[in-house]
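First comes the structure, then the notes that go with it.
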Amino acid sequence: MREELIVPKCHYPWPTVNSPIANAFDDEEKDWYDNDYTFISEEGIRRCKPQFLSRVATYMNPTCDSIERMRPCARMMIYITLFDDYFGMTPAKELEVIADRVYEVMMGEDPREDEIGILRQMAAARKEWLANGMPQFWIERISINFYEFIMYGIAEEIPFKQAENRTYPLLAHYLSFRRYSIGMMPYGDLTDPAINYALPVHIYNHPIMQRCRELLCLLIAVQNDFVSLKKEIEIDHECLNIIFVLRNQYKLSYQEACTEAMRIHNAHAQELDHLHNNLPDFGEFQEAAYDHVYHIKLHVSGCANWYYNSGTSRYEHKAFIIPQYGKEGDDLIIPHSIFVKE
């Protein structure tokens, strides 16, 4: 008999703030899919629309009440998620070529007419950020972080996803690439356009600020692994979930692995809260640095709010798209185990 598994929910020692424009891009999002994501199958697009990916941007940037400033952020939340969904099985050499082209477009080149529409979304977002007053050094920042999301994150996962026999990474290795593949390094850059202030380079590059950004990535990686668990637990080849990694490395039950994953998560949350309340002296930029980390914390609690309260179908039965080089056809069904409960 299978054990009954209780999947825990994430909570934080700081408030969750609700966005005043949480559902503002629901209709535009559908148009973006229909016009610029036609490289995805019709069935894939049908599955994407009820996921409400644009709401991730508003839930995670809940202090922003500007449609204009939030629009390119909503575009990015969709294209970073669907990039991972669609290209997650791409051979490494091809992925590097794609990463180079994405960087070029994000930095300033317009896509050709014959290139896939996701590049048009990237170009549109870049132009909107510049029109909203974001400086070129910030455009370079987010472009580099997106490139690293692809090459240090997605590319590092490929050997595990394409292995003939399921192989688990060690926890230290998993966290080293998962903090990139979760996509929160570039997504964390959206704090700046959301609050209409680009953190100066020397403050942004400070080790404490970078550690706060790393904690953002690690926290949301564990969040995501918890909410994905009931979908992934039934996939025979799935190995890239902290629950599976802990279970394999330390010979734990599913429930014990959940407990240990939550311990890791809570330690990271406490560290982020501690760093926020004990920042070094940034002089005239002290208030800006404090506000930036405050919004990093809102990213974390806001993402959990989206997982649990937005109405997304992303983690439901047959709700994901079929990746390039993955199994084709609409018969890819993952039955949920009755022993996995929230």
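The values are calculated or read from the model by the stated rules, or taken from the named source; none is laboratory data. Predicted model, so just to flag it, every value in this text is computed and none were measured. Positions of Cβ are generated from backbone atoms using ideal geometry, with glycine treated the same way; all protein chains shown enter the neighbour counts. In case anyone asks, the SASA skips ligands and DNA or RNA and just uses the protein heavy atoms, side chains included. Shrake-Rupley method; radii C 1.70, N 1.55, O 1.52, S 1.80 Å.
Identify all residues within the range 255-273 that are more than 15 Å from I296 (Cβ to Cβ) and charged (D, E, K, R); write none if there are none.
E256, E260, R263
Filter the range 52-86 down to the residues that are of a type outside the set (F, W, Y), within 17 Å of the chain's Cα centre (by Cα) and assigned to a loop (DSSP other than H, G, I, E, B), then identify the one that is surrounded by the most Cβ atoms within 10 Å (Cβ to Cβ).
The qualifying residue surrounded by the most Cβ atoms within 10 Å (Cβ to Cβ) is N61.
Being under 20 Å from L219 (Cβ atoms) and in contact with a Pro (Cβ under 9 Å, 6 or more places away or on another chain) is the filter here, so list the residues in the range 232-257 that pass it.
Hits for the range 232-257 are L240, V245.
Only one of (1) over 25 Å from A22 (Cβ atoms); (2) open to solvent by 10 Å² or more (accessible area, probe 1.4 Å); (3) in contact (Cβ under 8 Å) with a residue 40 or more places away in the chain; (4) not acidic (D, E) fails for L246. Which number is that?
All conditions pass for L246, except number (2).
Tally the residues that are open to solvent by 60 Å² or more (accessible area, probe 1.4 Å), in contact (Cβ under 8 Å) with a residue 12 or more places away in the chain and within 26 Å of D31 (Cα to Cα), restricting the search to the range 87-108.
So the answer is 1.
Select from the range 12-61 the residues that are touching a Gly at 6+ places or on another chain (Cβ under 8 Å) and aliphatic (A, V, I, L, M) and list them in ascending order.
V17, M60
For the range 161-189, enumerate the residues that are farther than 14 Å from I80 by Cβ and touching a Leu at 6+ places or on another chain (Cβ under 6 Å).
R179
Those residues that are assigned to a helix (DSSP H, G or I) and at pLDDT 90 or above, I need them from the range 28-45; list them, please.
Within the range 28-45, E28, E29, K30, D31, W32, Y33, D34, N35, D36, I45 qualify.
Given the range 113-196, what helices (runs of 4 or more DSSP H) lie entirely inside it while holding 3 or more residues that are within 30 Å of Y250 (Cα to Cα) and open to solvent by less than 10 Å² (accessible area, probe 1.4 Å)?
171-181
Can you run down the residue pairs with Cβ atoms below 8 Å, 6 or more apart or on separate chains, where the first is in the range 4-22 and over 22 Å from A267 (Cα atoms) and of a type in the set (A, V, I, L, M, F, W, C) and the partner is modelled with pLDDT of 95 or more and open to solvent by 90 Å² or more (accessible area, probe 1.4 Å)?
Note: pairs meeting the criteria are I21/D65.
For the range 265-277, name all the residues that are open to solvent by 20 Å² or more (accessible area, probe 1.4 Å) and of a type in the set (A, V, I, L, M).
Within the range 265-277, A267, L275 qualify.
Residues being in a loop (DSSP other than H, G, I, E, B) and closer than 22 Å to N305 by Cβ: count how many of those fall in the range 210-255.
Matching residues across the range 210-255 total 1.
Scanning for something hydroxyl-bearing (S, T, Y) and under 23 Å from Y197 (Cα atoms), does the range 84-102 turn up at least one residue?
No, the range 84-102 contains no residue that is hydroxyl-bearing (S, T, Y) and under 23 Å from Y197 (Cα atoms).
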